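This report concerns only the one structure given below.
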Amino acid sequence: MKYTLIENRIKIIFGIGLFGILLPACISRKKYDALAAELQKCRDEAAAFRRDAETQLQEAQAELSRLRSEAGLLRADTSRLGAENRRTRSAMRQLSEEKNDLERRLDETIASGRGEAARILAQLKDREERLKLAEDDLREKQKLLEKHQAELALKQQRVEELERILAEQKEAVGALLTRLQNALKGYSGQGLRVYEKDGKVYVSLDEQLLFESGRTDVKPEGQRALRDLAEVLQKEKDISLTIEGHTDNVPLRPGSLMKDNWDLSVLRATAVARIILQNPGIAPLRITAAGRGEHLPVAPNTTPEGRAQNRRTDIIITPRLQDLLDVLRKN
């Protein structure tokens, strides 16, 4: 449902851009303000969706750390109980030996007098009672040990499952990174970079590759790069894409159809999304288009070089987190 709402709002954003470019005189200020409000709502929902995915990944990593800690405590507790069991068994053997010795002594002295026999019988009874208490204590400790061993096995299983899923995710991200780098190496030096960060693959495209200054229509060479990218992504069914538009902090020229840099960044993100969706193998529900405006720079806006780096479009490729969520929901 969330993907459908975002898709509908993306269509509204395109509607704003199209009417803003082709028929600016036909749109009333009230309708424009309403559409701008809807645009802001789409921005917020896209940011929330991205934060939710990052939070889920952080929760999975925190749960893995907690389970490892609990497993360590259980191992220590199991070791302690094992030592106690060994001491109890040793005490039982000693008590059993003492009992046997007393029985032997009883047999030897029974003829020498009832008084000595009574004393030995009392000692024998005392040893038997102590032995029974030790046996009862051993059974309780054994039950507790078995319970801890079962809990440890379960925790260890969950730890191994989480580690396996995280390892598979890391391996898949590395393989995807390699495939993208090989597919897009022809654009090296043209403002396109592919790299991995926080378990995600980033494809960052400079403004010079995609757009003319202040424009939202993608240039032919940028369209070719996006189509090559889509050819690789259509084979990856367990990923989602977040397309983020970024600008520098230079205000738009007066009279521009766009209100500010934030509007420009959103329209550029949706323009990139449209070209990627020309590939029929990529479902719209896998894509989120968002604009960050000037608010997430990668370089200072105090130099022309820094501003050029900030005028970019980032395509963030996130692996599927459903397997991690399934493990976290257990128990």
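A short reminder: the numbers here are calculations on the coordinates, not readings from a lab. Remember, it's a predicted structure, so these values are computed and weren't measured experimentally. Here the Cβ positions follow ideal geometry from the backbone for every residue, glycine too, while neighbour counts run over all protein chains shown.
Subtracting the Cα-Cα distance of Asp44 and Asp260 from 0.36 nm times their residue separation leaves 76.1 nm of extension gain.
Comparing Ser204, Ile165, Pro319 along the charge dipole axis of the chain, the residue lying farthest to the positive side is Ser204, per the Cβ-charge model. Rg/Rh for region 207-259 (Cα atoms only, Rh after Kirkwood) is 1.08. The order of Lys99, Lys155, Lys41, going from fewest to most other C-beta atoms within 10 Å of their C-beta, is Lys41, Lys99, Lys155. The ranking of Ser265, Ser188, Ser28 from fewest to most other beta carbons within 10 Å of each one's beta carbon is Ser28, Ser188, Ser265. Taking every C-alpha pair closer than 8 Å and separated by at least 6 residues, the mean separation divided by the residue count of region 68-169 gives a relative contact order of 47 percent. On a 0 to 90 degree scale, rounded to 10, what angle separates helix 261-276 from the longest Cα axis of the chain? Once rounded, one gets 80 degrees.
Axis of helix 2-22 versus longest Cα principal axis of the chain: the two differ by about 20°, to the nearest ten degrees. Dipole of the chain computed with +1 at Lys/Arg Cβ and -1 at Asp/Glu Cβ about the Cα centre; of Leu133, Gln309, Gly255, farthest Cα towards the positive end is Gly255. Note on the chain: antiparallel DSSP beta bridges, both residues inside, total approximately 75 percent of the bridges counted. What spacing in nm lies between the two simple spin-label points modelled at Asn85 and Glu116, each 7 Å away from Cα in the Cβ direction? Output for this residue pair reads 4.3 nm. The charge dipole of region 68-169, taken about its Cα centre with unit charges on the Cβ atoms of Lys, Arg (+1), Asp and Glu (-1) only, comes to about 140 debye. Taking other Cβ atoms within 10 Å as a rough exposure proxy, Tyr187, Tyr32 sort from fewest to most as Tyr32, Tyr187.
Just to be sure I follow the rule: in region 68-169, considering lysines 8 or more places apart or on different chains, how many pairs have Cα atoms under 24 Å apart? Here the count comes out as 9.
Helix 114-183 versus the longest principal axis of the chain: what is the Cα-based angle in degrees, 0 to 90, to the nearest 10? Once rounded, the angle reads 20 degrees. In the chain, the DSSP-assigned H stretches of four residues or longer account for a calculated mean residue ellipticity at 222 nm of -24000 deg cm²/dmol, using -39500 (n - 2.57) per stretch and the full residue count as denominator. Dipole size of the chain about its Cα centre, with +1 on Lys/Arg Cβ and -1 on Asp/Glu Cβ: approximately 680 debye, rounded to the nearest 20. Of the residues Gln142, Ala83, Leu102, the one whose Cα sits farthest toward the positive end of the charge dipole of region 68-169, with +1 on the Cβ of Lys and Arg and -1 on the Cβ of Asp and Glu, is Leu102. Distances between every pair of Cα atoms in region 68-169, grouped in 5 Å steps from 0 to the bin holding the largest one, split as 2, 12, 15, 13, 10, 9, 8, 7, 6, 5, 4, 3, 2, 2, 1, 1, 0 percent. Every Cα-Cα pair of the chain was included, and the share exceeding 32 Å stands at 52 percent. Pairs of Lys residues in region 177-331, spaced 8 or more positions apart or belonging to different chains, with C-alpha separations under 20 angstrom: 6 in total.
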